[in-house]
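Remarks on the structure that follows.
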Amino acid sequence: MSQAFNLDDFLPYALNQAAVAVSDDFAKDYKSKYGLLRTEWRVLAHLGTSGPMTARQICDASKTHKTKISRAVFALEKRLWLSRSRNPNDRRQETLALTKRGEKAYVKLTGDAQEKTQRLREALGDDDYKALIKTLRILTG
């Protein structure tokens, strides 16, 4: 077996491992506190951050398959956290928006997210945290 390739030093692998670890840590919170799945959190976060969007826009922004987004939209609508409105010019298209109940959940969840972020920032140190964010933005374009 060749020792020339070190998987732990392979950037895509290292980035994925870090993303999974950080994401799973936060997922424990929103799953236990709010019963949310990861894709439901992503839909809520995109609508809360960007305002009304179509499911297609959320798919593109979150890089998530439309089937998963569709299931998340259905679940959040069932909770009365989002509403749909049809485009009068194209009845196939719906705009999704948070309801007042959804906005309240978004505020609570983003408060939790900010606390997690602050703990990560403290663990890394301010300079390393800023360097990491800068690097990630470069990598994601």
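A few notes on this one:
- Among (1) closer than 17 Å to R38 by Cβ; (2) surrounded by fewer than 17 Cβ atoms within 10 Å (Cβ to Cβ), the one test that Y106 misses: (2)
- Set L109, L96, L120: member being assigned to a strand (DSSP E or B) and touching a residue at least 40 places away in the same chain (Cβ under 8 Å): L96
- Being within 13 Å of the chain's Cα centre (by Cα) and at pLDDT below 95 is a condition met by at least one residue of region 7-19.
- Residue check, V22 of a type in the set (A, V, I, L, M) and exposed (fewer than 15 other Cβ atoms within 10 Å of the Cβ): yes
- Residue count for region 85-100, restricted to those that are surrounded by 14 or more Cβ atoms within 10 Å (Cβ to Cβ), at pLDDT 95 or above and not aliphatic (A, V, I, L, M): 2
- Test: residue in region 39-55 that is surrounded by fewer than 16 Cβ atoms within 10 Å (Cβ to Cβ), free of Cβ contacts under 8 Å to residues at least 12 places away in the same chain, touching a Ser or Thr at 6+ places or on another chain (Cβ under 9 Å) and assigned to a helix (DSSP H, G or I): yes
- Residues being in contact with an Asp or Glu (Cβ under 7 Å, 6 or more places away or on another chain), surrounded by 15 or more Cβ atoms within 10 Å (Cβ to Cβ), modelled with pLDDT of 95 or more and closer than 25 Å to V22 by Cβ are represented in region 59-75 by at least one member.
- Only listed residue being of a type in the set (S, T, Y), more than 14 Å from L82 (Cβ to Cβ) and surrounded by 14 or more Cβ atoms within 10 Å (Cβ to Cβ), chosen from Y30, Y13: Y30
- Selection within region 109-121: residues that are surrounded by 13 or more Cβ atoms within 10 Å (Cβ to Cβ) and of a type outside the set (S, T, Y). The member of this set that is farthest from D24 (Cα to Cα) is R121.
The values are calculated or read from the model by the stated rules, or taken from the named source; none is laboratory data. Nothing here was measured: the structure is a model prediction, and the numbers come from that model. Positions of Cβ are generated from backbone atoms using ideal geometry, with glycine treated the same way; all protein chains shown enter the neighbour counts.
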